[in-house]
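See structure below.
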Amino acid sequence: TWSTRPQRLLKAVQKKATRGDPQSVISAIDNFCRHKEWAMNVGDEKGAILDCVVSEVNPSTALELGTYCGYSTVRIARLLPPETRLITLEFNPDYAVVARQVIAWAGLQDKVELVVGASGDLIPQMKQQFGVKEFDFVFLDHWKDRYLLDIKLLEECGLLRRGTVLLADNVICPGTPEYLEYVRTNPRYESRYFKSHLEYTKVEDGLEKSIFLG
Ligand SMILES: Cn1cnc(CNC(=O)c2cc(-c3ccc(F)cc3)cc(O)c2O)c1
Ligand SMILES: [Mg+2]
């Protein structure tokens, strides 16, 4: 039976990276995607911008929408101080099986809660089921047509506070035009575009950082 790309990416991590060393996991995935098989991780160039924003926010509670293989989950979790947590939502159970192992290989499983399900179903459960008061940081990297729906849902569920930082991947490629329009025109957000490139390519892409003003 044929392996999938996420399974081959996991094998590369287990072969090349050192258990408990998040940076080696990040490097193993970047090398696999640059030299073996492209995969839709945020990548090293946009990943460095993600690192800066996460370090600046220093969140107590963070949310990631779209785990995929866990690459950005590892990038974020490795920067979080003890006693803080990252909740990451993944719709695809096969991706989640791989991501759990990538996160464990990095030794970050105690900081990360990976939940399998649809963001539209899980976000309204965050307070009751997951004991979340509000999020300090949200990384959007899931289905591009869910970005706008889900931040409206986060607003409605009272999960954003004055100063919550939203960082959205792929606002140019594949693109999230409705989301961009909303965060750039809505007075309740202060937005800024970080120009970069689609992971492992020369194609333009970028991250949009939006601060919720309450
Ligand atoms: C199936 N699925 C499960 N999760 C998702 C959400 N992620 C994406 O769709 C996604 C797609 C691309 C991309 C793909 C093909 C291409 F030609 C150019 C860009 C890049 C990314 O960084 C992404 O996050 C999709
Ligand atoms: Mg992406």
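Annotations for the structure displayed:
- Taking Cβ atoms as reference points and 10 Å as the exclusive limit, the residues near ILE211 contribute a net charge of +3, counting Lys and Arg as +1 and Asp and Glu as -1.
- Sorting the segments 118-124, 61-67, 79-85 by their mean number of nearby beta carbons within 10 angstrom, highest to lowest, gives 61-67, 118-124, 79-85.
- Separation of region 143-214 and region 1-30, taken as the distance between their Cα centroids, equals 29 angstrom.
- A simple rule links phi to the HN-Hα coupling: the Karplus curve 6.51 cos²θ - 1.76 cosθ + 1.60 with θ = phi - 60°, which for region 16-26 gives 9, 9, 8, 3, x, 10, x, 4, 5, 5, 4 Hz, with x for Gly and Pro.
- Solvent-accessible area of region 8-130 (1.4 angstrom probe, protein heavy atoms only): carbon and sulfur portion equals 50 percent.
- Prolate/oblate/rounded label for region 39-88 (Cα gyration tensor, a/c 1.5): oblate
- Cα-Cα over 26 Å, subset of LYS111/LYS202; LYS46/LYS127; LYS144/LYS195: LYS111/LYS202; LYS46/LYS127
- Net charge of neighbours whose Cβ lies under 12 Å from the Cβ of GLY120, counting Lys and Arg as +1 and Asp and Glu as -1: -2
- C-alpha long axis of helix 43-57 to longest principal axis of the chain, angle in °: 50
- When the chain is described by a simple charge dipole with +1 on each Lys and Arg Cβ and -1 on each Asp and Glu Cβ, the residue from GLN128, SER191, ILE26 located farthest towards its positive end is ILE26.
- Binned Cα-Cα distances of the chain, short to long, each 5 Å bin given as a whole percent: 1, 7, 16, 20, 22, 17, 10, 5, 1, 0, 0
- Residues of region 10-29 with an amide N closer than 15 Å to a point placed 7 Å from the Cα of VAL97 along the Cα-to-Cβ direction: 10-11.
- Shape category assigned to region 1-88 from the gyration tensor of Cα positions, a/c cut at 1.5: prolate
- The residues of region 61-214 expose, per residue, 43 Å² of accessible area to a 1.4 Å probe.
- Between the beta carbons of ALA48 and GLU113, assuming R0 = 35 Å, the FRET efficiency works out to 0.90 to the nearest 0.05.
- Structure-based [θ]222 nm, the chain - -39500 (n - 2.57) summed over DSSP H runs of at least 4, per residue, nearest 500: -12000 deg cm²/dmol
- Other residues within the sphere of radius under 11 Å centred on the Cβ of LEU154, judged by their own Cβ, net out at -2 (K and R +1, D and E -1).
- The chain, relative contact order [Cα under 8 Å, separation at least 6], %: 20
- For the chain, the share of DSSP beta bridges that are antiparallel, to the nearest 5, is 40%.
- Shape of region 103-214, Cα gyration tensor, a/c cut at 1.5: oblate
- Estimated FRET transfer efficiency (ARG8, TYR193; beta-carbon r; R0 41 Å; 0.05): 0.80
- Helix axis angle, 93-105 relative to the chain longest principal axis, alpha carbon, degrees: 70
The values are calculated or read from the model by the stated rules, or taken from the named source; none is laboratory data. For clarity, every value in this text was computed on a predicted model and none was experimentally measured. We place every Cβ from the backbone using ideal geometry, glycine too, and count neighbours over all the protein chains shown. Only protein heavy atoms, including side chains, enter the accessible area calculation; ligands, DNA and RNA are left aside. Shrake-Rupley method; radii C 1.70, N 1.55, O 1.52, S 1.80 Å.
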